[in-house]
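Participant: Have a look at this one.
The values are calculated or read from the model by the stated rules, or taken from the named source; none is laboratory data. Values in this document were obtained by computation on a predicted structure and should not be read as measured data. Virtual Cβ from ideal backbone geometry, glycine too; neighbours counted across all protein chains shown.
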Amino acid sequence: MLKHLVARGLTMPERAQLSTVARTSCRVRHVNVSSRATRLDTPSVRNIHTPPHVLRRRCSIARTRSATTHQGYPSPRAHPPAREPESRTSHEARAARAARAAREPAREPNPGRGPEPSRTRVGDPRGPDPGDQSRTGPGRRTGQTGAGDELMAKPEGRRGSQGRIRKLSGCWTRLKGMTQPRQILPGRSYLVTRRTTQRQFLLRPSRATNENVKFCLGLAAERTGVVLHAVCVMSNHWHGVVTDPEARLPEFIECFHKLLAKAQNALLGRWENLWSSDKTSVVLLTSEHDVLDKMAYTLANPTTAGLVKCPEEWPGLISARFGEQSETEMPDTFFDDDGDLPDSSELQIVRPQIFRSLSDDELYARLRDDVAARVRAARAEMTRRGASFRGRESILRQSFDASPKTEAPRRNVSPRVSGASIVERIAAIRRLCEFVRCYRAARQEWREGNRDKIFPAGTYALRVHGGVPCDDAVPD
């Protein structure tokens with residue numbers, strides 16, 4: 001092996017070191033290397049059959065260490081020598097680099113780039129460099145703002161880490177706030193809609209499901225004073241046209257959805273969320289015609305969805321005439337008989353306060369005409385497509401875990417206002433925008449310490465949970 005290495009051009013000191021390594025390898029070949037006393041840290045002893053070019057590189061490393069040992073290479077049985085401490089600390093080295101940079105002429109900045117970021121890493125435990133010229137003071141970077149400066153100052157250049165951080169911080173400041181407030185005024189009518197998670201048929205009609213829906217819906221309406229005008233509970237969503245006399249609509253939605261989710265999960269043996277993660281759709285109805293139109297839409301939904309030929313065939317919960325009342329006993333699937341809930345709840349369908357010149361029968365006849373028109377249009381569409389209605393029996397045989405085969409609509413507009421008249425719809429949107437502007441201005445003053453600031457009429461969350469004063473004048 002030595003001849004082969006000499007032919008490769010090794011010098012005499014290298015051959016001496018290799019011979020020492022070879023003898024050491026022969027001595028430790030029969031030694032238990034697993035013991036601490038014979039554990040060798042010498043790189044050349046770790047593998048006896050090391051390729052020549054690796055040995056040659058290790059020998060060159062050994063020559064650089066000859067100044068620290070009297071034999072040129074440490075003993076194989078000795079521990080590796082401790083690293084000699086540096087001649088100067090890292091702080092002194094950085095200070096020397098900063099001094100050299102100060103003596104050098106300043107470079108012209110690139111007009112297309114921003115200021116160079118500091119070399120000190122974020123969270124460096126060594127602390128600030130006293131000689132680093134990239135800072136304007138102790139612990140302060142170039143361009144960094146102080147306590148009285150503008151927090152979201154624009155960066156000097158297009159690039160640079162400081163400019164990007166400030167830009168992202170500004171976006172986060174705009175996004176981390178509360179969601180857009182919703183104006184909740186007494187006496188307003190709404191169309192409320194919410195679907196189940198993944199559009200599963202978790203509300204598929206059955207005797208137990210219908211009992212759960214009736215009890216929870218009637219109990220939520222009794223507790224909050226919300227008046228029901230039209231209700232239809234489909235297999236994976238529900239619609240309801242309601243009027244909120246006491247401005248407690250969010251409480252009604254929370255009570256109904258929470259009770260029904262617990263009862264239905266107990267009935268089906270589920271543990272996950274029943275409702276979709278999307279927010280409940282609450283659409284303000286601006287006129288009498290809108291209320292009547294949404295009631296017809298709600299009652300005709302089983303037919304327009306292609307499930308049954310007429311709404312009367314729907315096996316789930318669907319409202320009928322005005323003044324209809326039904327009392328439902330508390331289901332025993334989830335609720336405790338000894339709990340705080342009443343033993344029964346009453347579900348009542350009330351006529352909306354629209355078209356006061358019409359009697360109840362006349363208004364109901366007008367509603368039935370609108371529903372019949374929607375049913376005829378749905379049947380004509382099914383005939384044109386060559387499709388057939390699913391039917392009552394097929395619906396009752398569906399699994400609760402199933403879902404529609406059609407693709408779910410995504411990223412569609414979720415309106416807050418509905419109006420057949422463009423003028424009324426634009427006026428309602430302007431009132432809503434004015435409410436949001438006044439609300440945000442009042443909230444900003446309230447956060448700055450003005451606890452007597454009057455919030456606009458329709459403020460709900462801060463009025464209920466924060467006790468803020470609100471304007472008593474309800475806009476038209």
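Participant: Do the conditions hold for Ser281, that is, is it in contact (Cβ under 8 Å) with a residue 24 or more places away in the chain and more than 21 Å from Arg366 (Cβ to Cβ)?
Facilitator: Details: in contact (Cβ under 8 Å) with a residue 24 or more places away in the chain: yes; more than 21 Å from Arg366 (Cβ to Cβ): yes.
Yes; evaluated as a whole, the condition is true for this residue.
Participant: Within the range 370-383, which residues are of a type in the set (Gly, Ala, Ser) and either exposed (fewer than 11 other Cβ atoms within 10 Å of the Cβ) or outside any helix (DSSP H, G or I) (or both)?
Facilitator: Within the range 370-383, the subset of a type in the set (Gly, Ala, Ser) is 372-373, 377-378, 380.
Matches in the range 370-383: Ala380 only.
Participant: Limited to the range 340-387, what total is found for residues that are over 21 Å from His289 (Cα atoms) and over 40 Å from the mean Cα position of the chain (by Cα)?
Facilitator: Residues that pass the stated criteria total 5.
Participant: For the range 402-412, does any single residue satisfy the condition of being crowded, with 16+ Cβ neighbours inside 10 Å and either touching a His at 6+ places or on another chain (Cβ under 6 Å) or not in a helix (DSSP H, G or I) (or both)?
Facilitator: Yes: the range 402-412 contains one or more residues that are crowded, with 16+ Cβ neighbours inside 10 Å and either touching a His at 6+ places or on another chain (Cβ under 6 Å) or not in a helix (DSSP H, G or I) (or both).
Participant: While we're on this one: So is Glu246 assigned to a helix (DSSP H, G or I), in the same structural domain as Ser326 (by TED's automatic domain parsing), surrounded by fewer than 20 Cβ atoms within 10 Å (Cβ to Cβ) and of a type in the set (Asp, Glu) or not?
Facilitator: no
Participant: Which residue pairs have Cβ atoms closer than 6 Å, lie 6 or more positions apart in sequence or on different chains, and pair a first residue in the range 231-242 that is part of a loop (DSSP other than H, G, I, E, B) with a second residue that is among the aliphatic types (A, V, I, L, M)?
Facilitator: Note: pairs meeting the criteria are Ser235/Leu203.
Participant: Kindly provide the set of residues from the range 162-181 that are of a type in the set (D, E, K, R) and either at pLDDT 90 or above or exposed (fewer than 14 other Cβ atoms within 10 Å of the Cβ) (or both), ordered by number. Working first, answer last.
Facilitator: Restricting attention to the range 162-181, the residues satisfying the condition of being of a type in the set (D, E, K, R) are 164, 166-167, 174, 176.
Listed by number, the residues that qualify are Lys167, Arg174, Lys176.
Participant: From (1) at pLDDT 95 or above; (2) more than 30 Å from Leu317 (Cβ to Cβ), pick out the condition that doesn't hold for Ile395.
Facilitator: Answer for Ile395: the failing condition is (2).
Participant: Also: Would you point out which residue out of Ala457, Ala442, Ala473, Ala427 is assigned to a helix (DSSP H, G or I) and closer than 25 Å to Glu251 by Cα? I'd like the intermediate steps shown before the answer.
Facilitator: Details: Ala457 fails: assigned to a helix (DSSP H, G or I); Ala473 fails: assigned to a helix (DSSP H, G or I); Ala427 fails: closer than 25 Å to Glu251 by Cα.
None of the others qualify; the one that does is Ala442.
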